[in-house]
1. Quick one: which residues, 5 or more positions from residue 81 or on another chain, have an amide H under 5 Å from its amide H? H modelled 1.01 Å from N in the peptide plane, none for Pro or chain starts.
2. Sorted by packing (mean other beta-carbon atoms within 10 Å per residue), highest first, where do 126-133, 81-88 land?
3. Non-local amide H neighbours of residue 37 (under 5 Å, H modeled in plane, Pro and chain starts lacking H): which ones?
4. Please turn the phi angles of region 99-105 into ³J(HN,Hα) values with the Karplus equation 6.51 cos²θ - 1.76 cosθ + 1.60 (θ = phi - 60°), one per residue in order, whole Hz, x for glycine and proline.
5. Which value does Rg/Rh take for region 29-140 over its C-alpha atoms, Rh per Kirkwood?
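Please treat every number below as a calculation from the coordinates, not as lab data. In this text, all values refer to a predicted model and were calculated from it rather than measured experimentally. Every residue, glycine as well, gets a Cβ built from its backbone with ideal geometry; the counts of neighbours run over all protein chains shown.
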Amino acid sequence: EPNYRYPIYNPKYNEITGEVNPSSQSIVRVSGNKGGKVVEYGDGNGGVAETRTGGTSAWRNNNPGNIEDGSFAKNMPGYTGSDGRFAIFATPDAGRSAQMALLQSYIHRGIDTPMEIASRWAPGSEHGNTPAAYAQSIAHRLGIGVNDRVPVSAIPVIADAQTIVEGG
């Protein structure tokens, strides 16, 4: 297997702060304090390769869609644990792949309009979620109405819209 390395981008400082070998990265610790949650990623040798503090949970967890921890996330390549609510992935690419796989499962099950996707992904019954605004964001990126059907080929665009809304 090739030894790919991915840059670690820290948006707080707008710089690349190192690189990660995804085959060796795992979670060392997830903790919380008054300043927010902290995720420490391992270096594969028992040490810490990167510590992410503050920012959005989507960024801290390499989970641009804020996929909740559960059986779906646990079965995805690159899943490394949970922050207590959201799944944590070893790399941003692993989180993006999980996001796109979940969207594909929605469309295959008939959850295939921006409104249906947004209502399922971020239900209004959860504090702070506004599915109508979320659906409008998706529809705008696609150039369609909120009740228009989306094809499977639109999944990357939907994922991009979600990443913006979720803060990834």
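1. Those qualifying (amide H under 5 Å, at least 5 residues apart or on another chain) are 88.
2. 81-88, 126-133
3. 54
4. With the stated coefficients, region 99-105 comes to 4, 5, 5, 5, 4, 4, 5 Hz.
5. Value, to two decimals: 1.01.
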